[in-house]
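Values quoted throughout were computed directly from the atomic coordinates according to the rules given, and no laboratory measurement underlies them. Since this is a predicted model, take the numbers as computed values, not measurements. Here the Cβ positions follow ideal geometry from the backbone for every residue, glycine too, while neighbour counts run over all protein chains shown.
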Amino acid sequence: MTAVTYLTRHRRPGIVILCSIVAVLSMLFVLPPAIASVADSGAQAVDECNPTASNGCVNGILQDADKKPIADVTITLSGKATAETKTAADGKWAFSVADDGDYTVTIDASVAQEHGLKASSATVTIKKASFDKQRGVVRFDQAGDSAGSGTSGTSGSTAATQSPVKKDGSNVGKRIWQQLYSGIIFGLMLGLMSVGMNLVYGTTGLQSFSHGEQVTLGGLMAYVGTQMLHMPLIASAIFAIVIGALTGFIQNEIVWGPLRRRHVGTMQQMIVTIGLSMALQYTFQFFFGGDIKGIVKSVPDSFQFGPITTDMPTLVSALIAICVIVGVTLFLYKTRLGRATRAVSDNAALAAASGINVDQVVRVVWILSCAMAALSGVLLGVYLNGISWNTGATLILLMFAAVTLGGLGTANGALIGSLVIGIVADMSSLVIPNDMRYASALAILIIVLLVRPQGIFGKQQRVG
């Protein structure tokens, strides 16, 4: 018996170890510069700012008391770093900052008085602990009665405050709740990606390294819809989902279907997904550039929900993810096609012998998986304030961790695994550097696999 034949017959236990090794090696080549390197310190004026792992944002829209934009006004940033810019025709201004700390944004007092504003400066606090979601939004039209008391809001997981944060127990408690909330939101979006990936594995035995690029494609297509075609966000999301589903159909018909009919092993198919992943990444970079693309440019108003600071787009994104995951679960357990999908996942040969069209089931699974990945790319782009050419590549290892942790081939297991990964990753930033938060999630994966190799919901299988 050859090694390839052995792996083909016993793919489920052996593929876990092999996928983990290949995933780690491939991630060494696709890690983005934003994570692999440390950003230069300082601040700079930019036309548009999107928070990443290496920079936070201080930005806003300068409006008068009647909510009309004020153009060509000098905005000065001081504090941990200094910079200066002028407001655009629509009143927008932005600074990208590389250091956490307190920043003061100032406009000329005469300008504030002329336009009926109550303050000429505002102080915001940017925290590196959650830099990739940190945005200090300054609104002078809602400023306080005295200079220096301007208010600020956030789009992200940590609030920008009017003054330095008090280091007491209450703030520690708020931060714990905030990180837990962020972990759940991220876990839901990761689950939306991972459930589709797990369905593909369950029906075909293939762990697709190009699944992350389907996530990126969805976000970029939403960007095309909103910023290039000037469609509403909902219409752009539908456009992105349709494109994602179409690519799933095309992939199955042109690549995976012929490979299956030629009885090409899952190991060789997995290598094809690695090449496809790299080709798609650099195709995205060629057409869209290396910068972050904002799907929406407006800054949502944040609000307090108990100890948690959030905004409406984040809540809506989480609700959509929950509804889609529940819908997929009902599809798998309550519909004829869903039961056929589960039958193929359990034993494809037996399902075919009982009259199930395996090729049709696999085709539907590829379409559904890529459509869900595209939707998750849209939601992630809205949640993270932008999407880039390699966003999916930075998340692929977490997807593998989620599906392996939950149990390979089980849709519900992928969701639970994703929630665990999301919560552990965000909560760990309370005690370790933010850039290392994913390492803690992968450590949990290793521990669980040592105790329960088949994952949380996986079934034990005898090898040999």
* Cut-off 14 Å between beta-carbons: net charge of the residues surrounding F305, Lys and Arg +1, Asp and Glu -1 -> -1
* Calculate, in nm to one decimal, what I234 and R336 gain on full extension: separation in residues at 0.36 nm each, minus their alpha carbon distance. => 33.7 nm
* State log₁₀ I(q)/I(0) for segment 218-287 at q = 0.14 Å⁻¹ as given by the Debye formula over alpha-carbon point scatterers of equal weight, solvent excluded. => -0.57
* Stick to Cα atoms and the Kirkwood definition of Rh, then tell me Rg/Rh for segment 300-372. => 1.26
* Structure fact -> Hydrodynamic radius by Kirkwood for segment 305-464, inverse mean 1/r across distinct Cα pairs, in Å, is 17.7 Å
* Determine ³J(HN,Hα), in whole Hz, for all residues of segment 103-115 in sequence, where each value follows from phi through the Karplus function 6.51 cos²θ - 1.76 cosθ + 1.60 and θ = phi - 60°; x replaces Gly and Pro. => 10, 10, 10, 10, 10, 4, 4, 5, 5, 4, 5, 4, 9
* Long-range amide H contacts for K293: which residues qualify at under 5 Å (H placed 1.01 Å from N, peptide plane, sequence gap of 5 or more or a different chain)? -> I387, S388
* Structure fact -> When all Cα-Cα pair distances of segment 229-363 are considered, the percent exceeding 27 Å is 46 percent
* For segment 206-219, take each phi angle, set θ = phi - 60°, evaluate the Karplus expression 6.51 cos²θ - 1.76 cosθ + 1.60, and give the result in whole Hz per residue in order, putting x for glycine and proline. => 9, 8, 8, 6, 8, 5, x, 6, 5, 5, 4, 4, x, x
* Structure fact -> Mean Cβ-within-10 Å packing, highest first, puts peptides 267-274, 416-423 in the order 416-423, 267-274
* **Pairs beyond 24 Å (Cα-Cα), from K68/K297; K86/K293; K68/K293; K174/K297** => K68/K293; K174/K297
* Structure fact -> Kirkwood Rh for segment 332-384 from C-alpha pairs, in Å, is 12.3 Å
* Asked: Does segment 376-456 come out rounded, prolate or oblate, given a ≥ b ≥ c as the square roots of the eigenvalues of its C-alpha gyration tensor, rounded meaning a/c under 1.5 and, failing that, prolate meaning a/b above b/c?
  -> oblate
* Asked: Tell me, what is the percent relative contact order of segment 323-464, built from C-alpha pairs under 8 Å that lie six or more residues apart?
  -> 17 percent
* To do: Please turn the phi angles of segment 440-451 into ³J(HN,Hα) values with the Karplus equation 6.51 cos²θ - 1.76 cosθ + 1.60 (θ = phi - 60°), one per residue in order, whole Hz, x for glycine and proline.
  => 5, 5, 5, 5, 4, 4, 4, 5, 5, 5, 5, 7
* Asked: What does the highest-first list of 198-209, 342-353, 179-190 look like by mean Cβ count within 10 Å?
  -> 198-209, 179-190, 342-353
* Please work out the C-alpha center-to-center distance from segment 210-257 to segment 82-115 and express it in whole Å. => 36 Å
